[in-house]
Every structure is written in structure tokens, then in C-alpha cells.
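Reading through the C-alpha cells given below for one structure.
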Amino acid sequence: MKHVFKVTGMSCGHCEQSVIKALKKLDDQAQVQVNRDEERVEVESTRDEGQLAAAIENEGYTVVR
């Protein structure tokens, strides 16, 4: 299932990689695209939307709901 999140607080490539790594740790089969300029994270995953959002937030970023 595809999930799209608005994520604030990402300011560099390292931030993008942190989000990708956190999501891949939760679901190693996830397909993740991050665009920090648009504050957008797209995730194709079988995991629950809440779990994915929590993984992003645990990295210190804000998921706008």
C-alpha cells in the first residue's frame, strides 16, 4: 500500500537518508522516496500507516496530519 506523508524538519541529504533508513529498518522491502524541498515522503509498504509515521517521528521529524 502506498502512503504519502508531509514531513517537516528535513534540511539536508543526511535528513533524507535518516528517514529512509528508519523506514527500511521497519520494512526492508519498503520503497521510499523523499523530497525534502516539498516536505514529502512516499512509502510503498505493507506496514500500517501509524507504524511508518512513528518511525519517521522517532528520527526527530514531524509528520503533519
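The values are calculated or read from the model by the stated rules, or taken from the named source; none is laboratory data. Note that the structure is predicted; figures quoted are calculated from it, not measured. Every residue, glycine as well, gets a Cβ built from its backbone with ideal geometry; the counts of neighbours run over all protein chains shown. In case anyone asks, the SASA skips ligands and DNA or RNA and just uses the protein heavy atoms, side chains included. Shrake-Rupley method; radii C 1.70, N 1.55, O 1.52, S 1.80 Å.
Of the residues contained in region 1-10, none is found to be without any contact (Cβ under 8 Å) to a residue 24 or more places away in the chain and within 9 Å of the chain's Cα centre (by Cα). Being open to solvent by less than 20 Å² (accessible area, probe 1.4 Å) and either touching a residue at least 12 places away in the same chain (Cβ under 8 Å) or among the polar types (S, T, N, Q) (or both) is a condition met by no residue of region 31-40. Does region 8-22 hold any residues that are crowded, with 17+ Cβ neighbours inside 10 Å and touching an Asp or Glu at 6+ places or on another chain (Cβ under 9 Å), and which are they? Correct list: Met10, Cys15, Ser18, Val19, Ala22.
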